1. What accessible area per residue comes out for the protein assembly as shown, rounded to a whole number of Å², with a 1.4 Å probe?
2. If you place +1 on the Cβ of every Lys and Arg and -1 on the Cβ of every Asp and Glu, how big does the dipole about the Cα centre of region A:11-128 come out, in debye to the nearest 20?
3. In whole Hz and in residue order, list the ³J(HN,Hα) couplings for region B:19-25 that follow from phi through the Karplus curve 6.51 cos²θ - 1.76 cosθ + 1.60, θ = phi - 60°; x for Gly and Pro.
4. Might you work out the accessible area of B:Tyr90 for me, using a 1.4 Å probe with all protein chains in place, and round it to the nearest 10 Å²?
5. So how strong a dipole does region B:2-157 carry about its Cα centre when Lys and Arg Cβ are +1 and Asp and Glu Cβ are -1, to the nearest 20 debye?
6. Is there a quick way to get the dipole size of the protein assembly as shown? I mean about its Cα centre, with the Cβ of Lys and Arg at +1 and of Asp and Glu at -1; what is the value in debye to the nearest 20?
7. P(r) for chain B: what percent of alpha-carbon pairs falls in each 10 Å bin, starting at zero?
8. What angle, in degrees between 0 and 90 and rounded to the nearest 10, separates the Cα long axis of helix B:65-85 from the longest principal axis of the Cα atoms of chain B?
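The values are calculated or read from the model by the stated rules, or taken from the named source; none is laboratory data. It should be emphasised that the depicted structure is a prediction, and the values quoted were computed from it without experimental measurement. Cβ: placed from backbone, ideal geometry, glycine included. Neighbour counts: every protein chain shown. Just the protein is used for accessible areas: all its heavy atoms, side chains included, with ligands, DNA and RNA removed. Shrake-Rupley method; radii C 1.70, N 1.55, O 1.52, S 1.80 Å.
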Amino acid sequence: MNIFESLETTFIANWLIDSLYGYPVMLVLHGIGMSIVIGILFMFNLRLMGLFNNIELGAFKSLLKLAWAGFLINFISGCILFVQKATSFVQNWAFLVKIAGVVIATVMAIIAHKTLYQQADKWNSENAIALSAKILAFVSIGLWSVVIITGRLVGYLEQ
Amino acid sequence: MDIIIAWFESSPTHTWMVDHNWITVVLEIIHFFGLCLLLGALLIIDLRMIGWFKSISVKAIHSLLPVVFIGFGLNLMSGVLFVFYDPARYLINISFQIKMVLVFLAALNALFYYWKIHPNIDRWSQDDSFPAFAKVVAAASLLLWYGVLACGRFIPYVGTG
């Protein structure tokens, strides 16, 4: 029995299969977390690209903390949704692309959050955001979009 | 109800969507993009009204309102098309029916906000003296919209009729 098969026999997987509404409740949590983390990161990246200029960049320091709370909700609900169909998911190309997208986009968000702490005041006072930051913001929006799209496709490709 | 379902099913939009049913996959993706924009921006605006993020001015946070409207527009469009595609599935589904009631209540809540709170925002922002009812309206908005999300996700998992 490989690791993914044994995940499917854990008590979490059994609970999810046995409970009437466990699965949709996890889907609801995954949807709420998605709206928090991707919603806020979309607005943050759009701000870096030049929209919503009357919101100070520094404001996103606290907004991004809320985004990480959304990320935590989705990490936990995502792991619970994963275990009960682990062997199916690891053979699902949409799922694999989604996870790759999440990993890369999350690393980028961590770097952006750190950079924000160093540069927010400077960028704000000069009203000039580095071109590299704008490009990374654009790429980040693209990556989270891939995550949404492939996330939707996972269900269609389930075996 | 049968008459309404028959009307949707006899529409050219229904026929076209059934003939091109891949469009529902695209519409579902759009519905999720709209969800992120609508609820993401609304969360920040409503939490600010409740009293979070005091370092951000209420006026500045309202520049995110167009994001809410774009998200709502995307979801209204894709949502109406879902009903055209499969009216017999949605219209008799209890979770869908509750979802529509919650959307209606959220719209009433937004109208109340537009009439009673929005005209006073500049005045109340100056000394951050938002009255309690403004916070109740903001909290109600969040609860209603998260209820909308939950009911939407439950549609495939509840009995119909």
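1. Heavy-atom accessible area per residue stands at 50 Å².
2. Dipole of region A:11-128, to the nearest 20 debye: 100 debye.
3. 6, 10, 6, 4, 4, 5, 5
4. Per-residue accessible area (B:Tyr90): approximately 30 Å².
5. Rounded to the nearest 20 debye, it is 540 debye.
6. Numbers: 18 positive and 16 negative charges, 167 e Å.
Its charge dipole is roughly 800 debye.
7. Here the calculated profile for chain B is 10, 34, 29, 17, 9, 1.
8. 20 degrees
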